[in-house]
Amino acid sequence: MSPATTRELTPTEFPLAEQVWTHYRGQKADPKTERIFGVFENGTLAATARCTRHKDGLEMDCVFTLDEYRGKGYARDAVEALLAVCGKETIYIHSTLVLIKFYRSFGWVPIGEKEMPQMIRDRFIFCFGEMEGCNAMPMVRKGQ
């Protein structure tokens, strides 16, 4: 068994991330605006984190680990890889309420919904201004 490796995916590997995301809201990848970081175990993409450049800011999402690979720290590894490349800029997230502590460990802090850039906030427009009711908390991590 080879050790897990963490790295940025090439655009030709984006379909691998989309396969993982079929288990996570069926997200699609766009190489024009996104960078995807992943953890591979024995050649299989086990975990992801995505950084998207919107016109008004950076957003991280799709932090997801396949069930059979959970409990190994792979989500943390994927986020750390993303931050090593994108973390000089401010990054916004919509954290699920149970993961706030996890994201705080990287320096994200909760903010008011209106403090998010409009394009990123609009991705959660279905919450109608009630993020907690949607199990989401807006957070920001200033560039470091």
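Readers should treat all values here as calculations from the given coordinates under stated rules, not as data from a laboratory. All values derive from a computational prediction rather than experimental measurement. Every residue, glycine among them, receives a Cβ derived from its backbone with ideal geometry; neighbour counts consider all protein chains shown.
Computing Rg and the Kirkwood Rh from the Cα coordinates of the chain gives a ratio, Rg/Rh, of 0.95. Against the main long axis of the alpha-carbon atoms of the chain, helix 74-86 sits at an angle near 70°. Database remark: amide H of GLY87 closer than 5 angstrom to no amide H (H placed geometrically; neighbours at sequence offset of 5 or more, or on other chains; Pro and chain starts carry no H).
Computed from phi, the 3J(HN,Hα) profile of segment 22-35 under the Karplus parametrisation 6.51, -1.76, 1.60 (θ = phi - 60°) reads 4, 8, 9, 6, x, 5, 10, 10, 10, x, 6, 10, 10, 10 Hz, with x in place of Gly and Pro. Test of understanding: extend the Cα→C-beta vector of LYS72 to 7 Å, then name every residue of segment 16-43 with backbone N under 14 Å from that spot. From segment 16-43, the list is 38-43. Label-to-label distance, THR10 versus LYS28, with points set 7 angstrom from Cα along the beta-carbon direction: 2.4 nm. The charge dipole of the chain, taken about its Cα centre with unit charges on the Cβ atoms of Lys, Arg (+1), Asp and Glu (-1) only, comes to about 300 debye. Checking the cross-link pairs LYS32/LYS114; LYS32/LYS72; LYS28/LYS101 against a 29 Å limit on the alpha carbon distance flags LYS32/LYS72 as lying beyond it.
Take CYS134 and GLN19, extend 7 Å from each Cα along the Cα→Cβ direction, and tell me the distance between the two endpoints in nm. Here the answer is 3.1 nm between the modelled labels. Ranked by the mean number of other Cβ atoms within 10 Å of their residues, highest first, the peptides 61-69, 109-117 fall in the order 61-69, 109-117.
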